[in-house]
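The values are calculated or read from the model by the stated rules, or taken from the named source; none is laboratory data. Small disclaimer: the values here were computed from a predicted structure and weren't measured. Cβ placement follows ideal geometry from the backbone for every residue including glycine, while neighbour counts extend to all protein chains displayed.
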Amino acid sequence: MPSEKPLLIFDGDCSFCTSSANFIVKYSSLELVAEPWQYLKLADYGITQAQASAKVQLWLNGKIYAGHVAVAKLLQGQKNPFYRLIGVLALFPILSQIARFLYFLTAKYRHKLPGGTPACQLPKR
């Protein structure tokens, strides 16, 4: 059954992703739940294992958002107006391309970020 609360779906095999998800849940203004995709029935959320392992997913109000859009939606739900503004700006066309690229770099090199391990590395395509 899909969660009624906003659900952050992340890669539980990645230490960086797990640490990031825990940080977000702890400090978010949203009443948010985070679960590794490995523990969920992904079909309930309309996503595949490949999608869940490649990008963070956010189940919010019955819709799924991925990658930089998921992060922007999380920021838009914060009480702090500065974070909300960043979330809104991150989805403007030109800025969205920049946010997408920054998310891509973060995902690609997550194994080199604090808390990351070689197990966090995305598979080669």
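Mind checking which residues of the range 35-60 are surrounded by fewer than 17 Cβ atoms within 10 Å (Cβ to Cβ) and of a type in the set (Lys, Arg)?
Correct list: LYS41 only.
Filtering the range 61-87 down to residues that are of a type in the set (A, V, I, L, M, F, W, C) and in contact with a helix residue (DSSP H, G or I) (Cβ under 6 Å, 6 or more places away or on another chain), which residue is surrounded by the fewest Cβ atoms within 10 Å (Cβ to Cβ)?
Here the answer is ILE86.
Go through the range 28-51 and give me each residue that's outside any loop (DSSP other than H, G, I, E, B) and touching a Pro at 6+ places or on another chain (Cβ under 9 Å).
Within the range 28-51, VAL33, ASP44, TYR45 qualify.
Quick check on the range 1-14: of everything there that is surrounded by 14 or more Cβ atoms within 10 Å (Cβ to Cβ) and more than 14 Å from the chain's Cα centre (by Cα), which residue is modelled with the lowest pLDDT?
Within the range 1-14, the subset surrounded by 14 or more Cβ atoms within 10 Å (Cβ to Cβ) is 3, 6-14.
This time we only want the ones that are more than 14 Å from the chain's Cα centre (by Cα), so: 3, 13.
Values: SER3: 65, ASP13: 84.
Ranking the qualifying residues of the range 1-14, first place goes to SER3.
Identify, please: which residue in the range 41-61 is among the small types (Gly, Ala, Ser) and in contact (Cβ under 8 Å) with a residue 12 or more places away in the chain and is, among those, nearest to TYR103 (Cα to Cα)?
If we take residues in the range 41-61 being among the small types (Gly, Ala, Ser) and in contact (Cβ under 8 Å) with a residue 12 or more places away in the chain, then ALA54 is nearest to TYR103 (Cα to Cα).
(1) among the small types (Gly, Ala, Ser); (2) surrounded by 14 or more Cβ atoms within 10 Å (Cβ to Cβ); (3) assigned to a loop (DSSP other than H, G, I, E, B): which one isn't true of ALA99, the others all being true?
That leaves (3) as the condition not met.
Out of the residues in the range 15-34 that are under 11 Å from the mean Cα position of the chain (by Cα) and not aliphatic (A, V, I, L, M), state the one that is surrounded by the fewest Cβ atoms within 10 Å (Cβ to Cβ).
That would be THR18.
Does the range 106-114 contain at least one residue that is at pLDDT below 75 and loosely packed, with under 12 Cβ neighbours inside 10 Å?
Checked against the condition, which is being at pLDDT below 75 and loosely packed, with under 12 Cβ neighbours inside 10 Å, the range 106-114 yields at least one hit.
In the range 79-97, what residues are farther than 24 Å from ILE47 by Cβ and either touching a residue at least 40 places away in the same chain (Cβ under 8 Å) or among the hydrophobic types (A, V, I, L, M, F, W, C) (or both)? Break it down stepwise before answering.
Quick first cut of the range 79-97, residues farther than 24 Å from ILE47 by Cβ only: 79-86, 88-89, 92-95.
The answer is LYS79, ASN80, PHE82, LEU85, ILE86, VAL88, LEU89, PHE92, ILE94, LEU95.
Tell me, please, whether a residue that is in contact (Cβ under 8 Å) with a residue 60 or more places away in the chain and among the hydrophobic types (A, V, I, L, M, F, W, C) can be found in the range 27-40.
For the range 27-40, residues in contact (Cβ under 8 Å) with a residue 60 or more places away in the chain and among the hydrophobic types (A, V, I, L, M, F, W, C): absent.
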